[in-house]
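Down below is the structure, laid out as structure tokens.
The values are calculated or read from the model by the stated rules, or taken from the named source; none is laboratory data. None of the values given here were measured: they were computed from a predicted structure. Here the Cβ positions follow ideal geometry from the backbone for every residue, glycine too, while neighbour counts run over all protein chains shown.
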Amino acid sequence: MSGVINLSVLRKLVQIGAFVFFVYGGLVTGYYLEDKISRSLPALSCAYDHQGADLCTLIPIQHQMDHRLGETIASGGNLMMGIMPTLITLGTFLILFVLLNKAFCGWICPLGTFQEILQIIGQKLGLRRHESLSEGMVKRIRPVKWFILLLLVFAFPLLTGMGMLNHDLGDPFCRICPSRILTTLATGDSSQIYLDTANATTIVTSLLADFLFGLMIALALTVRQPFCRICPMLAMHAVFRKIGLLRLVKNATPRCDRCALCAKACPMDIREIHTDMESRNVTFEDCTLCGRCVEFCPDQDVLQLKYTRFPVFSSSPQYFKKRKKQQTQWEKGNLIAWFRKRSAAPETGSS
Amino acid sequence: MYRRLLAVFIPASLLSISGAAFAAQAENPAPEPSHNHRGGEKRIILENGEDAAITLWKPDLSTEPLTLEHGAVTLPKTGMDNYHAILAEKDWGDHKEAVIRYEYRHGPPSKQSPARLAAQQKTEFEIVPDPIPREHYRYHARQEWGFLLRFQGQPVGGLQVVLQTSNGSRLSATTDASGRVKFRIPDDFPGLVKGERDRRVGDFSISSEYLQGNRRFTTQLSTDYRVSPVHWQSTRLGLLVVGIGFIAGGIIGRVNKAGEGK
């Protein structure tokens with residue numbers, strides 16, 4: 001890759017293209033593309049977006065737990081019939097997931113893209129950034145996505161379908177999902193920002209949704225990918241990550257023990273990329289296959305993005321040097337640095 | 001003299017209010033304003049429907065004649081999900097009347113876009129939702145929705161179109177050159193209580209008339225609408241909470257940064 005084009009730039013272009021397609025694509029493709037291709041995109045692409053071209057798999061799963069499996073269990077019906085729609089949804093999810101694996105998070109997801117854009121804005125505003133979260137904090141945060149997946153995507157909707165919870169808990173994740181607010185706002189629709197006073201459940205869920213959205217925006221200015229770390233889609237990907245054709249592969253060398261540049265580059269703070277000396281497939285549960293670790297690995301072919309057995313992108317000293325230089329240049333330019341330079345200029349001139 | 005065939009399809013629960021001529025009733029009516037997830041049979045009450053030709057249009061554009069029995073037609077299970085169109089027509093020679101209603105039915109995936117059903121000419125003069133509300137969307141009061149008027153498949157501009165609701169509102173508008181018209185659905189449910197969710201369903205119809213020589217065509221699109229959630233959802237308070245979340249995020253960021261510095 002030459003000039004200003006590097007893997008990160010290429011990824012940003014793909015992300016922006018995917019964002020435009022999934023948030024506004026319905027205007028071109030027709031509203032109901034999701035009926036034809038998939039109702040289960042392995043990324044947060046919201047059905048509440050009236051102009052969207054597809055929708056995230058968590059929506060049908062919650063509905064199927066509520067209206068199919070839950071109701072079937074409650075009525076003592078045929079369990080196989082109750083679970084079949086979910087199996088079909090998971091099947092469609094897997095077809096897409098096998099193709100790109102967790103790269104759906106790092107390359108496609110509109111909410112991931114939005115957080116990265118905020119991060120760029122934060123960087124350009126000169127806000128002091130957290131290069132990485134502490135190891136203890138990362139470890140404490142990691143289980144949250146599993147709880148959200150199990151409770152909000154599966155358990156609550158299932159219990160709602162069984163008549164044990166009120167109807168407003170039939171799609172609890174959607175009710176707090178920041179992507180619902182983001183993607184609708186992106187189309188000029190502010191109707192998803194609200195405080196719903198209908199009952200205690202709606203008050204709590206709407207409060208959580210709005211608070212989480214504001215929190216995510218502020219955090220994303222200084223912390224890399226704050227919501228991704230607790231996203232149930234990441235957990236769902238993690239379950240199936242071994243079957244994806246795209247993967248992150250490590251050919252460990254003794255030097256891996258020392259530099260840790262890969263871990264520092266990782267937006268999800270996966271230190272195991274650096275410390276794990278045994279595994280070859282290092283597509284860890286939080287990995288989004290963004291490829292930054294490969295970019296910032298200074299050793300030849302130590303880290304690789306591979307599609308089945310074929311290397312798609314490999315680390316190399318030459319690429320690393322160029323990439324590091326580009327990164328330094330990129331980080332130099334920000335608003336605070338510009339103001340400092342401007343205010344320092346007259347002094348320099350007078351001396 | 002003919003008896004006017006059509007007025008509106010409305011949920012049966014509202015029959016006593018409107019006394020309208022058409023009513024649709026799910027066998028297992030859901031309390032929530034959501035699609036009927038059962039995909040079972042559904043009855044459509046049709047007043048003055050004697051001698052009317054009633055057709056069910058399925059998402060794959062196949063059709064099935066429906067029979068009026070005791071003033072109602074029963075929508076059979078069609079084995080496919082997505083929007084279906086129920087069309088009733090009466091032809092007196094010099095005057096042809098048509099009423100259409102789009103009903104979402106659950107079932108195995110139809111693998112068809114409802115845009116196909118909307119685009120298909122189903123009767124000479126028809127009003128088509130433009131677009132049909134997609135999943136998670138329904139007609140709600142205060143919302144603006146578009147409709148397309150077509151005669152023999154071609155859009156007709158300059159036609160007067162009337163929207164009437166079961167709560168007594170009446171609006172009129174004229175189609176533009178591309179045959180489109182937009183209406184903001186009236187917020188006219190009586191007795192709303194601020195802050196309380198209201199799940200009532202009303203009905204509105206959109207109708208128009210077209211003359212071709214001595215032959216008159218009248219058409220009507222009938223559908224239901226719901227109370228605007230604005231009455232129990234506050235965007236202003238929502239924005240306030242977003243702001244609080246933003247401030248909290250800023251504070252957490254600073255605290256963490258300070259912690260890192262130690």
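Of the conditions (1) over 30 Å from B:Arg142 (Cβ atoms); (2) surrounded by fewer than 23 Cβ atoms within 10 Å (Cβ to Cβ); (3) of a type outside the set (Asp, Glu), A:Ala220 fails just one. Which one is it? Failing condition for A:Ala220: (2).
If you go through segment B:248-258 and keep only what is hydrophobic (A, V, I, L, M, F, W, C) and at the interface with chain A (Cβ under 7 Å from one of its Cβ atoms), you end up with B:Ala248, B:Ile252. On the stretch given as segment B:198-215, residues that are touching an Asp or Glu at 6+ places or on another chain (Cβ under 8 Å) and assigned to a loop (DSSP other than H, G, I, E, B) total 2. Quick one: would you say B:Glu64 is within 20 Å of the chain's Cα centre (by Cα), surrounded by fewer than 18 Cβ atoms within 10 Å (Cβ to Cβ) and farther than 22 Å from B:Tyr210 by Cα? Spelling it out, it is not the case that B:Glu64 is within 20 Å of the chain's Cα centre (by Cα), surrounded by fewer than 18 Cβ atoms within 10 Å (Cβ to Cβ) and farther than 22 Å from B:Tyr210 by Cα.
Within the group A:Asp299, A:Asp257, which residue is assigned to a helix (DSSP H, G or I), acidic (Asp, Glu) and over 24 Å from the mean Cα position of the chain (by Cα)? Don't jump to the end; show me each part of the working.
On the way: A:Asp299 fails: assigned to a helix (DSSP H, G or I).
Testing whether each residue is assigned to a helix (DSSP H, G or I), acidic (Asp, Glu) and over 24 Å from the mean Cα position of the chain (by Cα) leaves just A:Asp257.
Mind checking which residues of segment B:216-240 are in contact (Cβ under 8 Å) with a residue 60 or more places away in the chain and part of a strand (DSSP E or B)? Lay out the reasoning, then the answer.
In the first step, residues of segment B:216-240 are kept if they are in contact (Cβ under 8 Å) with a residue 60 or more places away in the chain; the result is B:216-230.
Answer for segment B:216-240, where residues must be in contact (Cβ under 8 Å) with a residue 60 or more places away in the chain and part of a strand (DSSP E or B): B:Arg216, B:Phe217, B:Thr218, B:Thr219, B:Gln220, B:Leu221, B:Ser222, B:Thr223, B:Asp224, B:Tyr225, B:Arg226.
Okay, residues lined up against (1) at pLDDT 95 or above; (2) among the aromatic types (Phe, Trp, Tyr):
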residue	(1), (2)
B:Leu163	yes, no
B:Gly168	yes, no
B:Ser208	yes, no
B:Ser228	yes, no
B:Trp232	yes, yes
B:Ile247	yes, no
B:Arg254	no, no
B:Glu260	no, no
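Examine segment B:229-243 for a residue that is of a type outside the set (Val, Ile, Thr) and more than 13 Å from every other protein chain (Cβ to nearest Cβ), and state whether such a residue exists. Don't jump to the end; show me each part of the working.
First pass over segment B:229-243, keeping only residues of a type outside the set (Val, Ile, Thr): B:229, B:231-234, B:236-240, B:243.
If we keep only those that are more than 13 Å from every other protein chain (Cβ to nearest Cβ) too, we end up with none.
The answer is no, given that none of the residues of segment B:229-243 is of a type outside the set (Val, Ile, Thr) and more than 13 Å from every other protein chain (Cβ to nearest Cβ).
Residues in segment B:72-105 that are farther than 14 Å from B:Ala53 by Cβ and part of a loop (DSSP other than H, G, I, E, B): 8 in all.
Please work out if B:Ser207 is buried (at least 16 other Cβ atoms within 10 Å of the Cβ), within 14 Å of another protein chain (Cβ to nearest Cβ), among the polar types (S, T, N, Q) and touching a strand residue (DSSP E or B) at 6+ places or on another chain (Cβ under 6 Å). Here the answer is no, as B:Ser207 does not meet what is asked. Criterion applied to B:Gly168, B:Gly158 was being under 22 Å from B:Glu97 (Cα atoms) and assigned to a loop (DSSP other than H, G, I, E, B), and the one residue passing it is B:Gly158. Taking the numbered list (1) in a loop (DSSP other than H, G, I, E, B); (2) modelled with pLDDT of 95 or more in turn, A:Glu278 passes all entries but (2). Residues that are assigned to a strand (DSSP E or B) and more than 20 Å from B:Gly202 (Cβ to Cβ) within segment B:137-155 comprise B:Leu148, B:Leu149, B:Arg150, B:Phe151, B:Gln154, B:Pro155, listed in sequence order.
Screening B:Pro59, B:Pro65, B:Pro76 for residues that are within 14 Å of chain A (Cβ to nearest Cβ), at pLDDT 80 or above and farther than 18 Å from B:Ser222 by Cβ leaves exactly one candidate, B:Pro59. Assess whether A:Leu245 counts as being of a type outside the set (Val, Ile, Thr), crowded, with 24+ Cβ neighbours inside 10 Å and either closer than 29 Å to A:Ser40 by Cβ or at pLDDT below 95 (or both). So A:Leu245 does not fit the description; no.
For segment A:260-275, the candidate set comprises residues that are outside any helix (DSSP H, G or I) and not hydrophobic (A, V, I, L, M, F, W, C); within that set, the residue that is surrounded by the fewest Cβ atoms within 10 Å (Cβ to Cβ) is A:Arg271. Just checking, which of A:Leu125, A:Leu100 is more than 14 Å from every other protein chain (Cβ to nearest Cβ) and of a type outside the set (Lys, Arg)? Unique residue meeting the criteria: A:Leu100. For segment B:171-185, taking the residues that are part of a strand (DSSP E or B) and aliphatic (A, V, I, L, M), the one that is surrounded by the most Cβ atoms within 10 Å (Cβ to Cβ) is identified as B:Val181. Among the residues of segment B:84-117, which ones are at pLDDT 90 or above and either within 14 Å of chain A (Cβ to nearest Cβ) or in contact with a helix residue (DSSP H, G or I) (Cβ under 9 Å, 6 or more places away or on another chain) (or both)? Selection gives B:His84, B:Ala85, B:Tyr102, B:Leu117.
Test A:Asp286 against the criterion of being assigned to a loop (DSSP other than H, G, I, E, B) and over 28 Å from A:Thr222 (Cα atoms), and give yes or no. First the steps, then the outcome.
On the way: assigned to a loop (DSSP other than H, G, I, E, B): yes; over 28 Å from A:Thr222 (Cα atoms): no.
For A:Asp286, the condition - assigned to a loop (DSSP other than H, G, I, E, B) and over 28 Å from A:Thr222 (Cα atoms) - is not met.
Here is the figure for segment A:20-46: residues that are at pLDDT 80 or above and buried (at least 23 other Cβ atoms within 10 Å of the Cβ) total 8. For segment B:118-136, the tally of residues that are within 14 Å of chain A (Cβ to nearest Cβ) and part of a strand (DSSP E or B) stands at 2.
Can you find a residue in segment A:248-257 that is aliphatic (A, V, I, L, M), crowded, with 22+ Cβ neighbours inside 10 Å and more than 20 Å from B:Ile251 (Cβ to Cβ)?
Checked against the condition, which is being aliphatic (A, V, I, L, M), crowded, with 22+ Cβ neighbours inside 10 Å and more than 20 Å from B:Ile251 (Cβ to Cβ), segment A:248-257 yields at least one hit.
Test of understanding: among B:Gly195, B:Gly213, B:Gly202, which residue is in the same structural domain as B:Gly93 (by TED's automatic domain parsing) and touching a residue at least 40 places away in the same chain (Cβ under 8 Å)? Step by step, each of B:Gly195, B:Gly213, B:Gly202 is checked, and only B:Gly202 is in the same structural domain as B:Gly93 (by TED's automatic domain parsing) and touching a residue at least 40 places away in the same chain (Cβ under 8 Å).
Taking the options A:Ile148, A:Ile181, name whichever one is touching a residue at least 12 places away in the same chain (Cβ under 8 Å) and under 18 Å from A:Glu285 (Cβ atoms). Walk me through how you get there before you give the answer.
Values: A:Ile181 fails: under 18 Å from A:Glu285 (Cβ atoms).
Residue meeting the stated conditions: A:Ile148.
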